[in-house]
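Quick notes on the structure that follows.
The values are calculated or read from the model by the stated rules, or taken from the named source; none is laboratory data. Since the model is a prediction, treat every value here as computed from it, not as a measurement. Cβ atoms come from the backbone with ideal geometry, glycine included; neighbour counts cover every protein chain shown. Remember, those area values only see protein heavy atoms, side chains included, never the ligands or the DNA or RNA. Shrake-Rupley method; radii C 1.70, N 1.55, O 1.52, S 1.80 Å.
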Amino acid sequence: MRLSEAFQAKPLLIVYICAGDPSPAATPDLVKRLARAGADIIELGLPHSDPVADGPTIQAAAQRAIAAGMNTDVYFLVASEADVDIPKVFMGYYNMIFARGLDKFAADCARSGISGMIVPDLPPEEAGPLHEACLRHGVDLVFLAAPNTPPARLEMIQKETSGFLYLVARAGVTGARSDILQDTRDLIARVPDGVPKAVGFGISTPEQAAEVIRAGADAVIVGSACVDLIARGEIERLEQLVREMKAAIKAAKKSKAPIVC
Amino acid sequence: MSYQICDADKTKFGRYGGRFVPEILMQPILEVTEAYERLSKSKEFRANLEGLLKNFAGRPTPLYHAKNLSKELGRKIYLKREDLVHGGAHKLNNTLGQALVAKQMGKTRLIAETGAGQHGVATAIVGANLGFETQVYMGEVDIERQKMNVYRMELLGAEVIPVRSGSRTLKDAINEAFRDWAASFEHTYYLFGTAAGPHPYPSMVRDFQSVIGLEAHKQIMEEEGRLPDCIAACVGGGSNAMGIFAPFLKDNVRLIAVEAGGRGLGRTDKTADNGASLGCGTDGVLHGALTKILQDPFGQILESYSLAAGLDYPGVGPELAFLKETGRVLPKMADDKTALQGFRQLSRLEGIIPALESAHAVGYALQEPEALGELAIINISGRGDKDLATVMEYETL
């Protein structure tokens, strides 16, 4: 399924997991369970040795996955096996794509049912060649915007992104935080309604997810909170969290309708 | 600060360089770019920097005719004495420049990464002198092998933050510094220590370090009435090498970049036995730039190795990658043993204890004297006091 199709049924819950954590064999089943629990898109991370945009939780997951034998070949096998009827999105660092060859990487994504790519260390200025490869293979290339992205740059990123726009909720790296900042609300408000927008970085509870949807986001991305539960082997609690988050954002969407008095 | 060799958009050297960074860091990096471009044209800024280089750092450093080493090698060898810069290495040339940029930008806190500790010390010095809060990220492995520099940084009022992720060396210290900056950019300036990283760092660090080569160019003409046949400098990220090479790029002078050969050319799934990214690496993206890196076939970064912490880095500056590709700079290697030979020989022959990093360039010269031509300059990027414990330990093994 293309990402644009998925965004017809807003609000969406996007769940990030690190492929290969705790083992490559466990990943396809985990993806299926997350889909059953209500995830609308799975963001499947390819672990990198130097994940500069990630906090300690996802760094540790990447190290576990690499130690368990995850590499790019295994990643695409696992992604193919994780056969679900919701879109899967690749999330990973540019050097992993560059090392495989941009065209081959995009082709492998398409072949293994991956609809889009999120590359946190690839700004649009450097993305020309990968963008062309993605176009050739019908894969979306999702760009990120941050609270400190100035207006003209935000407009450029909006034009360049495909699938959706990933809004980084706050300064810093990935990882659970306890509050939603005014920065996040402001950023959501700065993006016009026509652009599908997903908010990630620091969202770990159903309450935060609901707040982000009420602030006007179309989707919420939850990562570290899920990765943390996987690290502790608490898969049922993970499914529970996904169910609660999904319920919370649905309720938030309804309550967002303007109140006429 | 007089030389430039960039593309039209100025962010790249040929296909190398660029800005491969998370979006949250784009704006801080663009602000540094803008500030540097503005200030590098400002007479007041340059006068301020030149004053500090002269009166605080102790520049110009001598270009010393090493008579005994010359005799040993059967050719005329000059040493560019960056070991005499305040702090004990060339690093202060860059930290003074960038700290003045940070001051102009209104930042109050400096962060830095350090491998051997020399860049950390140089950052701590400017932090103390120019009134910044300073925090330095340093890998646990490096903290262990460079205890003296850790103490020096603390004495200078900086906080050293141990890095426990990955290989716990320079590469991981850089990752942590970027993560810090992604959350702290409003009041914090990332003072990058080598001519690598995202644009504008490779160009800015080269420019601030090119004072080495500008002085050497003038000094060798005064002494010899001609340019040298060869210049040799050690390369980790490449700041001392680019600093001395840059003003000679258009001249007919052979430029030799001596990388860490470490234990040899061996590799495992996760590690390389050397730090020779220029000579043995392949194209890839690390720390914000497309350059030559040590990586596995899937693009995972290998842990490098060198006895010299300052050369223990799996990447290299993008401009050096470009200059290697065009054939202008020749990458060579000196392994641990060769470096130790250089360390001892220069101490005995000249009464100069070089940093283990610089000792790689000396060791290479001892091994391949004919590559130096008749008249050569070796860049002694730092002094070796910090390395005594490492060398003593190595000798007992």
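In terms of its C-alpha gyration tensor, the protein assembly as shown comes out prolate, because a/c is 1.5 or above and the ratio a/b outweighs b/c.
Please work out whether segment A:120-234 counts as rounded, prolate or oblate from its C-alpha gyration tensor, where a ≥ b ≥ c are the square roots of the eigenvalues and a/c under 1.5 means rounded, while otherwise a/b larger than b/c means prolate and anything else oblate? Judged from the Cα gyration tensor, segment A:120-234 comes out oblate (a/c at least 1.5, b/c at or above a/b). Under 5 Å between amide hydrogens, built in the peptide plane, is the criterion, and for B:D335 it picks out B:G261 among residues at least 5 positions away or on other chains.
Using a cutoff of 8 angstrom between alpha carbon atoms and counting only pairs six or more residues apart, the relative contact order for chain A works out to 22 percent.
A simple packing score, the average count of other Cβ atoms within 10 Å per residue, orders the peptides B:48-54, B:304-310 as B:304-310, B:48-54, with the highest score first. For segment B:358-397, the square roots a ≥ b ≥ c of the C-alpha gyration tensor eigenvalues yield an a/c of 1.5 or more together with a/b not exceeding b/c, which makes the shape oblate. Placing +1 on the Cβ of every Lys and Arg and -1 on the Cβ of every Asp and Glu, with nothing else charged, gives segment A:3-255 a dipole about its Cα centre of roughly 540 debye. The relative contact order of chain B comes to 19 percent, based on Cα pairs under 8 Å that sit 6 or more residues apart. Here the 3J(HN,Hα) profile of segment B:172-180, calculated from phi with Karplus coefficients 6.51, -1.76 and 1.60 at θ = phi - 60°, is 6, 5, 5, 3, 5, 5, 5, 5, 4 Hz, Gly and Pro shown as x.
Determine the shielding of peptide B:293-299 by partner chains: average, over its residues, the number of Cβ atoms on other chains within 10 angstrom of each Cβ. Whole-number average of other-chain Cβ neighbours for B:293-299 is 6. From the alpha carbon centroid of segment B:172-230 to that of segment B:350-373 is 22 Å. Of the options B:L156, B:F178, B:G166, report the single residue whose Cα projects farthest towards the positive end of the charge dipole of segment B:127-183 (beta-carbon charges: Lys, Arg +1; Asp, Glu -1). Value: B:G166. Note on segment A:3-255: Cα-Cα pairs beyond 34 Å make up 8% of the total pair count. FRET efficiency for the pair A:A110 and A:I235, taken as 1/(1 + (r/R0)^6) with r the Cβ-Cβ distance and R0 = 35 Å, rounds to 0.75.
A crude spin-label estimate for the pair B:T396 and B:D283, with each label 7 Å from Cα along the Cβ direction, gives 4.8 nm. The length gained by stretching the chain between B:E44 and B:I161 to full extension, at 0.36 nm per residue less their Cα-Cα distance, is 38.7 nm.
Accessible area of B:I161 (1.4 Å probe, protein heavy atoms only, ligands and nucleic acids ignored): about 40 Å².
For the residues of B:159-170, the average number of beta carbons from a partner chain within 10 Å of their own beta carbon is 1. Distance between the modelled labels on A:S178 and B:Q104, one decimal in nanometres: 4.2 nm (7 Å Cα→Cβ projection). Per-residue 3J(HN,Hα) values for segment B:71-79, derived from phi via the Karplus relation 6.51 cos²θ - 1.76 cosθ + 1.60 with θ = phi - 60°, read 4, 4, 9, x, 7, 8, 10, 10, 10 Hz in sequence order (x marks Gly and Pro).
Net length available on complete extension from B:E224 to B:D385 is 54.8 nm, with 0.36 nm assigned per residue and the Cα-Cα distance removed. Annotation note: trypsin sites (Lys or Arg not before Pro) in segment A:158-261 located in DSSP loop regions with a Cβ neighbour count of at most 12 within 10 Å are A:R232. The figure for B:M148 is an accessible area of roughly 130 square angstrom, using a 1.4 Å probe on the protein chains alone. Only protein heavy atoms count here; under a 1.4 Å probe, B:Y64 has an accessible surface of about 80 Å². Note on A:65-72: average number of Cβ atoms from other chains within 10 Å of each residue's Cβ is 2. Using the Cβ-Cβ distance between A:K250 and A:K32 with R0 set to 22 Å, the FRET efficiency works out to roughly 0.55. Most simply put, the protein assembly as shown has about 20% antiparallel DSSP beta bridges, counting only bridges with both residues inside it. Dipole size of segment A:1-96 about its Cα centre, with +1 on Lys/Arg Cβ and -1 on Asp/Glu Cβ: approximately 200 debye, rounded to the nearest 20. For the cross-link pairs B:K292/B:K332; B:K10/B:K107; A:K159/A:K197; A:K10/A:K254; B:K12/B:K218, which exceed 18 Å when the distance is taken from alpha carbon to alpha carbon? Result: B:K10/B:K107; B:K12/B:K218 exceed 18 Å.
Annotation: amide H-H contacts under 5 Å for A:E43 (H modelled 1.01 Å from N, sequence separation of 5 or more, or interchain): A:V15, A:Y16, A:I17, A:V89. Backbone amide hydrogens, once placed in the peptide plane, bring B:R254 within less than 5 Å of B:C230, B:I231, excluding anything fewer than 5 places away on its chain.
Give the lysines reachable from B:K147 as a straight Cα distance under 21 Å; neighbours fewer than 8 places away on the same chain don't count. Of all the lysines, those that pass the test against B:K147 - Cα under 21 Å, at least 8 places apart if same chain - are B:K91, B:K171, B:K386.
Here the scattering of segment B:191-336 is modelled by Debye summation over its C-alpha atoms, one equal scatterer each and no solvent; at q = 0.18, 0.21 Å⁻¹ the log10 of I(q)/I(0) is -0.97, -1.24. Residues A:R2, A:R33, sorted by accessible area with the largest first, give A:R2, A:R33 [1.4 Å probe; ligands and nucleic acids excluded].
Here the Karplus relation 6.51 cos²θ - 1.76 cosθ + 1.60, evaluated at θ = phi - 60°, turns the backbone of segment A:153-170 into coupling constants of 5, 4, 4, 4, 5, 4, 5, 7, 6, 9, x, 7, 10, 8, 9, 6, 5, 7 Hz, with x for every Gly and Pro. Among the GluC sites (Glu not before Pro) in segment B:141-189, those placed in a DSSP loop whose Cβ has at most 13 other Cβ atoms within 10 Å are B:E186.
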